[in-house]
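Values quoted throughout were computed directly from the atomic coordinates according to the rules given, and no laboratory measurement underlies them. Please read these numbers as outputs of a predicted model, since none were measured by experiment. In this analysis, Cβ positions are derived from the backbone assuming ideal geometry, glycine residues included, and neighbour counts consider all displayed protein chains.
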C-alpha cells in the first residue's frame, strides 16, 4: 500500500510508492568508467594546473604546504596557507591545493550594467509586487563563483582525504563571509553537481556558489516554517527532528560526536541524505572553530558509502544556511543535503511540485549503513 | 547581462542567463531512431492490441468506428462510440481506438487497506498540522490510471491526427468528471511523459492521471495567487496575461479562434509552452461542447513544431485545471503546459527551487513560430 508522508521542515507531502518500490541494490548501476583509467591532468581542462590563464583571476586560493607561495603568505599561521588575490593583480601559480574563481559564464553578474533592460534598483524591484506590470526584466545582479577542489583532475570528492575536504568546507565559509560584505546580496547558495547526469559540464572536481539579491523560495519556506515552529514550541525544529532521528535510528546513515547523517522520513527522492550539526547552529559560516574537522569525516563517510554502494552515482549536494548578515537565529539550523540522481523527474513532479519516492527511506538508510562491507 | 524575471502566475523569479544562452537551433539533437523503423505492434507490449489481458480491466474505451463493438454500444449517438466497462466484467476487445486502464503499479491506490500504517482518515490527516507528530504515514488513497492513446505502438502524439487528439482530450474530461463523484478525491492531475529521458518507461503512446485526496502544492499556489489578483483587480489574471501575450506577440507560438499558445515571459525552462483558452474557462472538464475540436489543432500544431524544430525532444505535458467539484471559478483559468526536457535540473534548482533558463523566451518562440519551413 502506498503511503503519504509529510516533511515537517518543508510541509510537503511525499508519496512513498511501495507498489513500485525497488530494492536498494537495484539503484546501483555498473560503473561506466574505471577511475584508474582517467588522467590526473587534462591538457585543455581550464581547472587543471598550468591552465590558470584560461580562467578569470582567482578570488581565493589555498596554497600547498611548503610551497614558496604558502610560506610567503603573511599573517596566516594556520596549517593551510592562504592567498587572497584580487582582480587582475592575482598571480596565478601552480602551487595551489584549492582555488576559487569567478564563473566565466555567470548566471548572475557582479558588474551592474547601466544599460541593462531596466534601471530600477534590484532590491526595490524584487520587493515590489509585480502583478500589475507583467513583462519587466531586472538586471541580474549577483556573484557566481567556482571552487576548484583539487589540482587533480581525477580526484572526485569520494577520493579526497579528510584534510582536503576540510579545506573545501573552509572555503565555503570563507567565501560566504566575504560576500556578506556586499549589502546588495542576501543569500549565498553553495552547491556541487557530480557527473554530467547531475549537471556537471566540467569533469574536474569543483563546487559552485551563486550569491543572490533575494532569498530563494525553498529557503524562504524553510525559514518561515522553522520560525512558526519556534514561535509555537520555543525550540528549533531541526534540533528536535535530528534528536528524533537519532533516537529512532531507522534512517540514520552515520553519526559522530558533532554531526548526524540521515535519510529524512519524507525524503522526496531515493537515498536523499542530510548531514546536520547535533549542536544548534544557524549558519555554517559562523560555526565555531574546528567545525570543518568534525564535518569532513562524516561528509567523506556518506559520500564514500554512496560511491561504493550505488557505484559512483550522479548526485547534487548543497548547503542550506542562514541569510547573509543574520545574527545567530534560534529557529534555523544549517545543514547539507546530498541528493543522488537515480530517477527521472517527470510530468507528475513538474505538474504538481510533489514527489513519488520509489525507495523506502528506512530500507535505503539500512542499505547505506549496514549493507555488505564494501570498504 | 543576465536578467531576472518574475512569473505573475507563480510569483517565482527566473534567471534568464543570456551569458550562457544558446541559440535556439542548438537545442535540437540528432534523431536517435528513425520513426519509420519502429514496428506498429510489439509482441510483449502490454498496451498493444491483443495484449489486453496483460493489463487490469479497462475503465473506459473508445471503439473504432464501424467496429462491431462500436455499433453494439447503446445510447451513444456520437461519432466516437464509447464503452464503459466496469471491474472484471470488462470485455477486452481489439477494436478500440483508445483505452483507459488502472495503472498496474499505482503510485496511489483506490482500495483502502485497513491494515495500512495508519487508520486515520486521509482527509482528516491531511488537514491536521503534523509538526508535533513527526513520523506518521497515511494510507496513500488515490487513483492512478493510464490512457492508451492509440492501438499503434509507433504513433506518438506528433504523428496522430486531429481526430485522434480530439478523442484523447475528450478522455481527459470524461475521466475527471467520473472521478469527481468520489468525495474523497480533490484533484486530478493529467500528464504525459514523452521518451525515456522525460520519464516514459513504456514506449507505447500513453498519458497518465493521478487523482489525489489533496490539492498539490503548485496548484494550490496558482489558485491562491490568481484569487489574490481577482480580489484586487476584479479580473482573471490568466485572461489578462493571455491578452497581453497576444497583444505583444513576441512569445506567441500559435493562435486560433479559441486558443493561444505562447512561451511565458518568465519560462523556467527552454521552450516551455502554454496553451490557454482565449475565453475564460476554469476547468477543462467543464468546457462547452466542441472545445476539443478547437484545442486539438493547436495541440497538434505546437507538438508538431517541437517535434520538427527540436528533433522529437523528450517532453512532459500536463493539465492545470480547477479542483474537483468546484463551480465555475471567476479567477482560475485552465491551461496545458508542455515542457521539453532539453537541460538538466541540477544542484542550483534542487537547492533553491528556482531556475536558470539558458534560452530567451522571445528567441525560442520566434524559432518555433517563424523558423525555417519544416512542414
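Under a point spin-label approximation (7 Å from Cα along Cα-to-Cβ), what is the residue B:308-residue A:104 distance to one decimal in nm?
Using points 7 Å along Cα→Cβ, the separation is 3.8 nm.
Using the Cα gyration tensor of segment B:154-254, with a ≥ b ≥ c the square roots of its eigenvalues, what is the shape: rounded (a/c below 1.5), prolate (a/b larger than b/c) or oblate (neither)?
The shape class here is oblate.
When A:54, A:291, B:1 are ordered from fewest to most other Cβ atoms inside 10 Å of their Cβ, what list results?
By the 10 Å Cβ count, ascending: A:54, B:1, A:291.
Considering every residue in A:212-223, what mean count of other chain Cβ atoms within 10 Å of its Cβ is obtained?
Working: counts 5, 2, 3, 1, 8, 8, 6, 3, 2, 2, 0, 0.
That average works out to 3.
Shortest first and in nm with one decimal, please list how far the residue A:28 label point sits from its counterparts in the other copies (point 7 Å along Cα→Cβ).
Result for residue A:28, in nm, nearest copy first: 4.4.
Using only atoms on other chains, find how many Cβ atoms lie within 10 Å of each Cβ of peptide A:313-326 and report the average.
If you average over the peptide's residues, the count of other-chain Cβ atoms is 2.
What residue of chain A has the nearest C-beta to the axis that moves A onto B, and what is that distance in Å, given as a whole number?
Value returned for chain A: A:345, 3.
Under the rule a/c < 1.5 gives rounded, and otherwise a/b versus b/c splits prolate from oblate, where does segment A:252-375 land using the Cα gyration tensor?
oblate
Please state the shape class of segment B:318-374: rounded when a/c is under 1.5, otherwise prolate if a/b exceeds b/c and oblate if not, all from the C-alpha gyration tensor.
Because a/c hits 1.5 or more and a/b fails to exceed b/c, segment B:318-374 counts as oblate.
Could you please rank B:190, A:42, A:100, placing first whichever residue has the fewest other Cβ atoms within 10 Å of its Cβ? Provide the component values of the computation, followed by the final result.
Working: B:190 27, A:42 15, A:100 22.
Ranking B:190, A:42, A:100 by Cβ neighbours within 10 Å, fewest first, gives A:42, A:100, B:190.
Shortest first and in nm with one decimal, please list how far the residue A:328 label point sits from its counterparts in the other copies (point 7 Å along Cα→Cβ).
6.1
Once you average over the residues of A:38-47, how many Cβ atoms of partner chains fall within 10 Å of each Cβ?
0
Measuring nothing but label to label, 7 Å from Cα along Cα→Cβ, what are residue B:183's distances to the other copies in nm, shortest first?
5.9
Sorted from fewest to most neighbouring beta carbons within 10 Å, what does the list B:348, B:334 look like?
Going from least to most buried by this count: B:334, B:348.
Return the distance in nm (one decimal) between the two label points of a simple spin-label model at residue B:159 and residue A:133, each offset 7 Å from Cα along Cα→Cβ.
5.1 nm
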